[in-house]
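Colleague: If you scroll down you'll find the structure; I have some questions about it.
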Amino acid sequence: MLHLASLLLVLHCHTMANAEVLPSPFSRKNCAEFFYKNTEPKNLLTQHFARICQQLNRTEKEYRFATLYDRIKRTPVYSAYIYEAGKACRNDWFIEPQLVSQEYQPEMELESETEIDPALLSDSQAVNQDYVNSGYDRGHLNPCQHHRDASDSQATCTLTNIVPQNPVLNQVAWRKYEKSFSQRAVNCIMTYVITGVIPGNNYISDGRVNIPGYIWSAACCTRNQGGPMTWAVIALNDQEGTVDDISVNDLEEKLATHPKRPVKLFHEDCPRNPGQPFSESS
């Protein structure tokens, strides 16, 4: 009976989750597989950042996606993952204990069940209360419906993968974009996605959590013929809710205006413009 109870707990959507806060860049051992040719974006690091390898269920030693998190703005800079067509999931919001201290366990846990001091927790990251009555949705960067595997999908339901997103944008145009992946990636074998934000000047929760000025997404996919293919979009995070197609090159140039340094989202083999031939150099 005890064994059955334990099994049911593992299968329940409130299952504990693992996430590892890394002291060094993503590597072949730590989440690099979510980036095309194991190459993480260049020059998107913020002054106070944390690299997180997201993993669901402490018994499954398998990373689900990668996140670069801004500790001061309390939002992810980007999340990187491999796309597979899936279904929507139930949202059960987790927090990341290791953002409080590396001395805590690597398993995520539900905020309602954590024994971490609430003041320490809220100082280190966004918490569910930040979004209550804020007027903004809890917007996934890595959406749960972009994963066929149930564990991959549920692992996206962490506040380290969430930003304050205008509800009109989130529920209409951005949702339409997320659904368009099945058409955009129809000829792709593997689709590597990086979705992120450009910080804004406003905050929710009395200045605690930054409201992104823009939300963007870029993909580089492999194909049987023709080499890698890319696409990108960007949206102003407001009620106008317009998602605009943009080349990876133009997106990188726009991102470079914020940190004031050149940005590279993908390995050089991914073309920066539509129709651009890919490199055979690597």
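Colleague: Of everything in segment 64-89, what is charged (D, E, K, R), within 26 Å of Ile204 (Cα to Cα) and either surrounded by fewer than 18 Cβ atoms within 10 Å (Cβ to Cβ) or at pLDDT below 95 (or both)? Give them in sequence order.
Modeller: Arg71
Colleague: On to the next question. Can you confirm whether Ala173 is under 16 Å from Glu40 (Cα atoms) and not polar (S, T, N, Q)?
Modeller: Against the criterion (under 16 Å from Glu40 (Cα atoms) and not polar (S, T, N, Q)), Ala173 does not qualify.
Colleague: To continue, here is another question. Which residue out of Asp92, Asp137, Asp130 is among the acidic types (Asp, Glu), within 14 Å of Asn161 (Cβ to Cβ) and crowded, with 18+ Cβ neighbours inside 10 Å?
Modeller: Asp137
Colleague: Working only within segment 210-238, note down all residues that are of a type outside the set (A, V, I, L, M) and in contact with a helix residue (DSSP H, G or I) (Cβ under 9 Å, 6 or more places away or on another chain).
Modeller: The answer is Tyr214, Trp216, Ser217, Cys220, Cys221, Thr222, Pro228, Thr230, Trp231, Asn237, Asp238.
Colleague: Still on this structure, please answer the following. Take the residues in segment 133-188 that are part of a helix (DSSP H, G or I) and among the hydroxyl-bearing types (Ser, Thr, Tyr), then tell me which one is farthest from Ala50 (Cα to Cα).
Modeller: Per the criteria, the residue is Ser182.
Colleague: Looking only at residues that are among the hydroxyl-bearing types (Ser, Thr, Tyr) and not in a loop (DSSP other than H, G, I, E, B) in segment 204-218, which one is surrounded by the most Cβ atoms within 10 Å (Cβ to Cβ)?
Modeller: Ser217
Colleague: For segment 103-127, which residues satisfy the criterion of being surrounded by 15 or more Cβ atoms within 10 Å (Cβ to Cβ) and of a type in the set (S, T, N, Q)?
Modeller: Correct list: Thr114, Ser122, Ser124, Gln125.
Colleague: Which of the following residues is touching a Gly at 6+ places or on another chain (Cβ under 8 Å), basic (Lys, Arg) and either more than 19 Å from Ala66 (Cβ to Cβ) or surrounded by fewer than 23 Cβ atoms within 10 Å (Cβ to Cβ) (or both): Arg175, Arg148?
Modeller: Arg148 is the lone residue from the list that is touching a Gly at 6+ places or on another chain (Cβ under 8 Å), basic (Lys, Arg) and either more than 19 Å from Ala66 (Cβ to Cβ) or surrounded by fewer than 23 Cβ atoms within 10 Å (Cβ to Cβ) (or both).
Colleague: If you check Glu33 against the conditions, is it of a type in the set (Asp, Glu), in a loop (DSSP other than H, G, I, E, B) and farther than 12 Å from Leu159 by Cβ?
Modeller: It is false that Glu33 is of a type in the set (Asp, Glu), in a loop (DSSP other than H, G, I, E, B) and farther than 12 Å from Leu159 by Cβ.
Colleague: Filter segment 31-56 down to the residues that are surrounded by fewer than 18 Cβ atoms within 10 Å (Cβ to Cβ) and within 23 Å of Lys260 (Cα to Cα) and list them by number.
Modeller: Lys42, Asn43, Leu45, Thr46, Gln47, His48, Phe49, listed by residue number.
Colleague: Of these, Gly200, Gly241, which one is more than 30 Å from Thr114 (Cα to Cα), among the small types (Gly, Ala, Ser) and in contact with a helix residue (DSSP H, G or I) (Cβ under 7 Å, 6 or more places away or on another chain)?
Modeller: Gly241
Colleague: Working only within segment 97-112, note down all residues that are in contact with a Phe, Trp or Tyr (Cβ under 8 Å, 6 or more places away or on another chain) and within 16 Å of Phe49 (Cα to Cα).
Modeller: Passing the criteria: Pro97, Gln98, Leu99.
Colleague: Output the residues belonging to segment 219-228 that are within 18 Å of Phe34 (Cβ to Cβ) and either polar (S, T, N, Q) or assigned to a strand (DSSP E or B) (or both).
Modeller: Ala219, Cys220, Cys221, Thr222 - these are the residues of segment 219-228 that are within 18 Å of Phe34 (Cβ to Cβ) and either polar (S, T, N, Q) or assigned to a strand (DSSP E or B) (or both).
Colleague: Oh, and also: Would you mind stating whether Leu110 is more than 26 Å from Ala218 (Cα to Cα) and touching a residue at least 40 places away in the same chain (Cβ under 8 Å)?
Modeller: yes
Colleague: Something else now. Restricting to segment 234-275, count the residues that are in a loop (DSSP other than H, G, I, E, B) and surrounded by 17 or more Cβ atoms within 10 Å (Cβ to Cβ).
Modeller: Total satisfying the criteria: 11.
Colleague: Which residue pairs have Cβ atoms closer than 7 Å, lie 6 or more positions apart in sequence or on different chains, and pair a first residue in segment 64-84 that is farther than 22 Å from Glu107 by Cβ with a second residue that is part of a strand (DSSP E or B) and charged (D, E, K, R)?
Modeller: Pairs found: Val77/Asp70.
Colleague: Tell me whether segment 189-203 contains one or more residues that are in contact with a Leu (Cβ under 6 Å, 6 or more places away or on another chain), at pLDDT 95 or above and either hydrophobic (A, V, I, L, M, F, W, C) or not in a helix (DSSP H, G or I) (or both).
Modeller: Scanning segment 189-203 turns up at least one residue that is in contact with a Leu (Cβ under 6 Å, 6 or more places away or on another chain), at pLDDT 95 or above and either hydrophobic (A, V, I, L, M, F, W, C) or not in a helix (DSSP H, G or I) (or both).
Colleague: Then there is this: Evaluate the following for Asp149: is it in contact (Cβ under 8 Å) with a residue 12 or more places away in the chain and either more than 30 Å from Glu33 (Cβ to Cβ) or touching a helix residue (DSSP H, G or I) at 6+ places or on another chain (Cβ under 7 Å) (or both)?
Modeller: For Asp149, the condition - in contact (Cβ under 8 Å) with a residue 12 or more places away in the chain and either more than 30 Å from Glu33 (Cβ to Cβ) or touching a helix residue (DSSP H, G or I) at 6+ places or on another chain (Cβ under 7 Å) (or both) - is not met.
The values are calculated or read from the model by the stated rules, or taken from the named source; none is laboratory data. Being a predicted model, the structure only gives us computed values, none of them experimental. When we count neighbours, we look across all protein chains shown, and the Cβ atoms used for this are built from the backbone with ideal geometry, even at glycine.
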